[in-house]
Structures are given as C-alpha cells and as structure tokens.
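We did not get these values from a lab; they are worked out from the coordinates using the rules stated. If you're wondering where the values come from, they're calculated on a predicted model, not measured in any experiment. Here the Cβ is made from the backbone with ideal geometry for all residues, glycine too, and neighbour counts use every protein chain on show.
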Amino acid sequence: MGSTVFGSSNSPHYADRVNIVKKIKLQNQWRFAPVVFEPNGRLKDKVRINGQIEIHAEGAYYLEWRVNGDRKRERVAKEDAVDQARRKAVELEAGKTRDCSGRRAEVRRE
C-alpha cells in the first residue's frame, strides 16, 4: 500500500489533501519523504525515496497540507499520525466556509 492522502478524493486541488510525511536523515541532510503504509494501514518507518521503499527508524512524522497555497506542516506522534490526518482533513473541509478574516462565511438559505 502506498502513501495515502486524507481528504476529498475527487478534488483536483492539493489544498484539500493532508499527507503524512517523515523527516529523515539522508546523506547527512534532513529531508521530508512520503510514508509508506503497511497493508493493515499502520506505519512501520518505511518511506519512499526516488521510487524505492526504504526503512528509516530515525526522524519524526508530520502532517502536511496547504492553506492559500502555503505549505503547512505539523509534527505528530507516530501512533496518532493517521487519526490526526483524518481530523485535519475534516477540519480543512469545514474551514472552506470561512472567509479570509477567519470568520465563518454567512450561508444564505432561501
């Protein structure tokens, strides 16, 4: 099973997705790499590097998403990464009804 995104599966916009990535050390430099899930949906320190699956025990897990085109990342615990990604996707979906000031946009019903 490959890297999974959470959010609207039929949406063409990257902003609707939440990715789980891992910050790993590769050739003495820290970089982010997409995680690879086990068939049962769990994380086992596997990441995809240049199309190849590698195991990297070092590093930390992050949620990654976009807001108004800006990439945002939030560090999460390995055990909570999948649940938090789902929550963040729901939060972002709910936030679509907010205007630029952060207030909820008024929805008119006629």
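So here's what we get for this one:
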item: Distant-in-sequence amide H partners of Lys72 (H built 1.01 Å from N, under 5 Å); result: Trp65, Arg66, Val67
item: Entries in Lys23/Lys96; Lys25/Lys78; Lys46/Lys96 that, when Cα-Cα distance is taken, lie over 26 Å; result: Lys23/Lys96; Lys46/Lys96
item: Which of Trp30, Trp65 has the fewest Cβ neighbours within 10 Å, and the rest in rising order; result: Trp30, Trp65
item: Neighbour-count order for Asp45, Asp70, fewest beta carbons within 10 angstrom listed first; result: Asp70, Asp45
item: Exposure proxy order (Cβ contacts within 10 Å, fewest to most) of Ile53, Ile24; result: Ile53, Ile24
item: Label point distance in nm, Glu93-Asn40, each placed 7 Å from Cα along Cα→Cβ; result: 2.7 nm
item: Cα-projected label distance for Val67 with Arg48, points at 7 Å along beta-carbon direction, nm; result: 2.7 nm
item: Gyration tensor (alpha-carbon) shape descriptor, region 5-95, a/c threshold 1.5; result: prolate
